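Novice: Sharing a structure with you now.
The numbers here are math on the coordinates, done by the rules we state, and not lab data. Note that the structure is a prediction, hence the values are computed from the model and not measured. Don't worry about glycine lacking a Cβ; one is built from the backbone with ideal geometry, like all the others, and counts go over all protein chains shown.
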Amino acid sequence: MEVYKSCPEAFIVAERDNKVVGYIMCRLEFGFSDLRRFRMVRKGHVVSVAVLPDFRRRGIGRELVVSAMKALELHGGEECFLEVRTANDEAVKLYKDMGFDTVRTVSHYYHDGADAFLMSVRLPYAAPIGGAL
Ligand SMILES: CC(C)(COP(=O)(O)OP(=O)(O)OC[C@H]1O[C@@H](n2cnc3c(N)ncnc32)[C@H](O)[C@@H]1OP(=O)(O)O)[C@@H](O)C(=O)NCCC(=O)NCCS
């Protein structure tokens, strides 16, 4: 809520019956490409995404990620990347199905010592054949 109050434009929310059931938070960064060697790019960072348990498996998570990528693209993003717990099978599957590549494993990325996969996809987003939207 603290970040939302200072930077509401970083969020996209999903609503059902006027209730927020999911959100995604992103920011644009500038740095080395995760997909093309030695290239500096503007890249969108998905910092956080979640859907309430009762509303999962309805396509909301996927829709939030696609909406965020479209917004990042409008702001000049050339890639979109995120970190995800290596044990988070559901989320890893979602991103893989959407065409994200696993770039590397980041050891001890989380406070509890868990590792993360850094996953990335090029923008503008083109869903894989038979994939998302
Ligand atoms: C990850 C998360 C955002 C997905 O949201 P969602 O609304 O359930 O996702 P979708 O309905 O759009 O699912 C899209 C695809 O993801 C995969 N997926 C999602 N949940 C899954 C599950 N429980 N088991 C297997 N695959 C799953 C499937 O490929 C699914 O497509 P399908 O339903 O056609 O098989 C949600 O599970 C969540 O909030 N998890 C807790 C927070 C979290 O882990 N966030 C990610 C941090 S990087």
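Novice: Mind listing the long-range amide H neighbours of V106? Cut-off is under 5 Å, sequence gap 5 or more, other chains count too, H placed in the peptide plane at 1.01 Å from N.
Specialist: Placed amide hydrogens put A116, F117, L118 under 5 Å from V106.
Novice: Also, I was wondering about something else. Test of understanding: extend the Cα→C-beta vector of D89 to 7 Å, then name every residue of the stretch 101-117 with backbone N under 18 Å from that spot.
Specialist: Answer for this model: 115-117.
Novice: What is the gain in length, in nm to one decimal, between F11 and K96 on full extension, counting 0.36 nm per residue of separation less the C-alpha to C-alpha distance?
Specialist: 28.3 nm
Novice: Just order 115-127, 18-30 by mean Cβ neighbour count inside 10 Å, highest at the front, would you?
Specialist: 115-127, 18-30
Novice: Now for a separate question. Any idea what % of Cα-Cα pairs in the chain are farther than 21 Å?
Specialist: Distances greater than 21 Å cover 42 percent of the Cα pairs.
Novice: Given the stretch 13-133, what percent of its DSSP beta bridges are antiparallel, to the nearest 5?
Specialist: Percent antiparallel among DSSP bridges in the stretch 13-133 is about 85.
Novice: If you take the beta carbon distance between R39 and K19 as r and set R0 to 41 Å, what does 1/(1 + (r/R0)^6) give as a FRET efficiency, to the nearest 0.05?
Specialist: About 0.45, to the nearest 0.05.
Novice: Quick query: amide H of L123 versus all other amide H atoms, modeled in the peptide plane; which residues come in under 5 Å with a sequence gap of 5 or more or a different chain?
Specialist: It is E79, C80, by chain and number.
Novice: From the C-alpha gyration tensor of the stretch 1-40, pull out the three semi-axes of the equivalent ellipsoid (sqrt of 5λ each), sorted largest to smallest, in whole Å.
Specialist: 31, 13, 6
Novice: Kindly provide the helix-only [θ] at 222 nm of the chain, computed as the sum of -39,500 (n - 2.57) over DSSP H runs of four or more divided by all residues, to the nearest 500 deg cm²/dmol?
Specialist: After summing the helix terms and dividing by the residues of the chain, the value is -6500 deg cm²/dmol.
Novice: Additional query: Only residues of the stretch 23-44 count here: report those whose backbone N is under 11 Å from the spot 7 Å along Cα→Cβ of F55, or say none.
Specialist: Of the residues in the stretch 23-44, 23-24 have backbone N under 11 Å from the label point off F55.
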